[in-house]
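Contents: one structure, followed by commentary.
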Amino acid sequence: MTTLDLTPAPGAAPLHRMVAAQTGAEIQAMLRNGEQLLLTMIIPVLLLVGLSVTPIIDVDGGSRIDFMAPGVLALAVMSTAFTGQAIATGFERRYGVLKRLGATPLSRTGLMLAKTLAVIAVEVIQVTVICGVALALGWHPAGSPLAVLLLVVLGTAAFSGLGLLMAGTLRAEATLAAANLVYLVLLACGGIAFPLTRFPESVRPVLESLPISALSGGLRAVLSEGAGPPLAALAVLAAWAAVSLFLTSRTFRWE
Amino acid sequence: MESPAVEIVDLVKRYGGTTAIDGLTFNAARGAVTAVLGPNGAGKTSTLEICEGFRRADGGEVKVLGLDPSRPELRARVGVMLQAGGVPPATRCGQWLRLMARFHAHPLDPAALLDRLGLTEHARTPYRRLSGGQQQRVSLAGAVIGRPELVFLDEPTAGLDPQARHACWELVRDLRASGVSVVLTTHHMDEAEKLSDQIVIIDRGRVVAEGTPSSLTGAERQLRFRARPGLCLDELLAALPAGSSAKESPAGHYIIEGQVAPGLLATVTTWCAAEGVSTDDLSIERRTLEDVFLELTGRELR
């Protein structure tokens, strides 16, 4: 039997090492989870390929792939930052994982930082895969990469805020159901695959103020039309991020 | 002077209208094993969770290693084993323990700790596939991986088989020998009696008794026997030396306390012969901790 030196030698690891360790664990958990991969990788890629090579949607004469690629990028951001994060965090809360982490030297700020970094890392993988597939299908992106980055960062903040708001207040099962429902509804009405111009005039202002519409519309304006930073879309995302993160910080329950 | 590992004075905790902890006061010494005993709902877990910084007290004062339990620097100095959960179900237990190790400056070697707790062959098994006893051991490993000064173990041996229980006891003894303070809760009287330096019995959120195991059970010996229920003990008492007591608890179990000398045994057996009482399991022994516990907290189920 191995002898262990149990003599007290307490001490926290440096913050960057703790955050790096937790980030690695979060990324691994996301990439190993089959349901998560379905939402974050498989569905977006299938939609991208399926709807750009078949004439199911009417894109008013433009290029199908140029229309689809920005929408699918927005879907990818939503699936990781909102759906995946809400479900995973909800169950971590339910299984006492968040509580137990509260008894380690990793602070709550450190934990949130790790979760954010993990979401960003998975988004980088998603964007790489989706752009690769889209380019292979003849996508011609335009516009400023900086504007795209700004949209993705604000979109991630808004969806993370909404996902954590749900995960920190609802029961894990309710979060699972609601997060999947919201994913489906926003997939249909968020301008990802079906242009908002196909919806009745009366509901369009509501749909346009959704974070997913702002993100997909903003990305499309930049990437397909080469527009400058879409200020209205950025403002909508910033507002959602501010409100949801504020509410999350007030209501999040760790147990 | 160095502060105690845990210092609790007049602690009060309420959940809604019910008072879970009602003026609890005790200390846990440094370098010692302190066992907190009590029936279900006595307030054991609440007390521990206040010490661990998970819950806030509604009254009274709690100091852990001389500090307020909410102080962040305690997270590195204190190891925690929750009563249940805490590990992501899909995570392999070796991987989880390595993650816990990376939060600390001078952790134990996770592989050596797994080996010590008999978990090496399960290192690659997801937590949810482990048996209850294996999950408990993973959780225990997580409490000590950071080489803490103080560990809180909430029912560390619940659901363990005898081998795993002994492995856990060995680890607690080694922790104590290395100078680590241990505060644990348990339902097992033998565990508290064998393992701890100090026992605190709590009931309805208050301390009902505390002391070393031997001070609680007392040096006094008892004569016990089993016989048919409802014997009239008055005559026997008259024949026993002054200061003796005799009682039936529970039915059919008789306990004679007093100066347990050879003469007493003779008196009891003579009386039994005269009354035509046949006895079973006649023995002279010390009171067990379980006797003390049931006397203090009652026999009714809760």
Mind listing just one residue for me: the one in segment B:71-105 that is within 22 Å of the chain's Cα centre (by Cα) and more than 13 Å from residue B:52 (Cβ to Cβ) and, of those, nearest to the other protein chains (Cβ to nearest Cβ)? B:85
Which condition does residue A:81 not pass, out of (1) buried (at least 20 other Cβ atoms within 10 Å of the Cβ); (2) in a helix (DSSP H, G or I); (3) within 14 Å of chain B (Cβ to nearest Cβ), if it passes all the others? (3)
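Taking into account only those residues within segment B:127-185 that are among the acidic types (Asp, Glu) and in a loop (DSSP other than H, G, I, E, B), which is modelled with the lowest pLDDT? It would help to see each step written out before you state the result.
The first filter runs over segment B:127-185 and keeps only residues among the acidic types (Asp, Glu), leaving B:149, B:154-155, B:161, B:170, B:174.
Subsequent filtering for residues that are in a loop (DSSP other than H, G, I, E, B) retains B:149, B:155, B:161.
On the way: B:149: 97, B:155: 93, B:161: 87.
Restricting to residues being among the acidic types (Asp, Glu) and in a loop (DSSP other than H, G, I, E, B), the top hit is B:161.
Residues checked against (1) crowded, with 23+ Cβ neighbours inside 10 Å; (2) charged (D, E, K, R); (3) closer than 24 Å to residue B:88 by Cβ:
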position	(1), (2), (3)
A:15	no, no, yes
A:40	yes, no, yes
A:51	no, no, no
A:55	no, no, no
A:72	yes, no, no
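Of the residues A:59, A:97, which single one is within 14 Å of chain B (Cβ to nearest Cβ) and more than 18 Å from the chain's Cα centre (by Cα)?
On the way: A:59 fails: within 14 Å of chain B (Cβ to nearest Cβ).
Checking each option against the conditions leaves just A:97.
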Mind listing whichever residues of segment B:6-19 are surrounded by fewer than 22 Cβ atoms within 10 Å (Cβ to Cβ) and of a type in the set (A, V, I, L, M)? B:9, B:12
Sort through B:87, B:64, B:80 and tell me the only one that's of a type in the set (A, V, I, L, M, F, W, C), in contact with a Phe, Trp or Tyr (Cβ under 6 Å, 6 or more places away or on another chain) and either without any contact (Cβ under 8 Å) to a residue 60 or more places away in the chain or closer than 28 Å to residue B:214 by Cβ (or both). B:87
Yes or no: segment B:21-44 includes at least one residue that is among the small types (Gly, Ala, Ser), out of contact with any Leu (no Cβ under 9 Å at 6 or more places or on another chain), under 21 Å from residue A:99 (Cβ atoms) and loosely packed, with under 15 Cβ neighbours inside 10 Å. yes
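How many of the residues in segment B:106-125 are within 9 Å of chain A (Cβ to nearest Cβ), of a type outside the set (D, E, K, R) and touching a residue at least 40 places away in the same chain (Cβ under 8 Å)?
Filtering segment B:106-125 down to residues within 9 Å of chain A (Cβ to nearest Cβ) leaves B:106-109, B:111-113, B:115-116.
Those still in the list that are of a type outside the set (D, E, K, R) too: B:106-108, B:111-113.
Still in the list and also touching a residue at least 40 places away in the same chain (Cβ under 8 Å): B:106-107.
Total satisfying the criteria: 2.
The values are calculated or read from the model by the stated rules, or taken from the named source; none is laboratory data. The structure presented is a predicted model; accordingly, all values stated were derived computationally and were not measured. All Cβ positions, glycine included, derive from the backbone under ideal geometry; neighbour counts span all protein chains shown.
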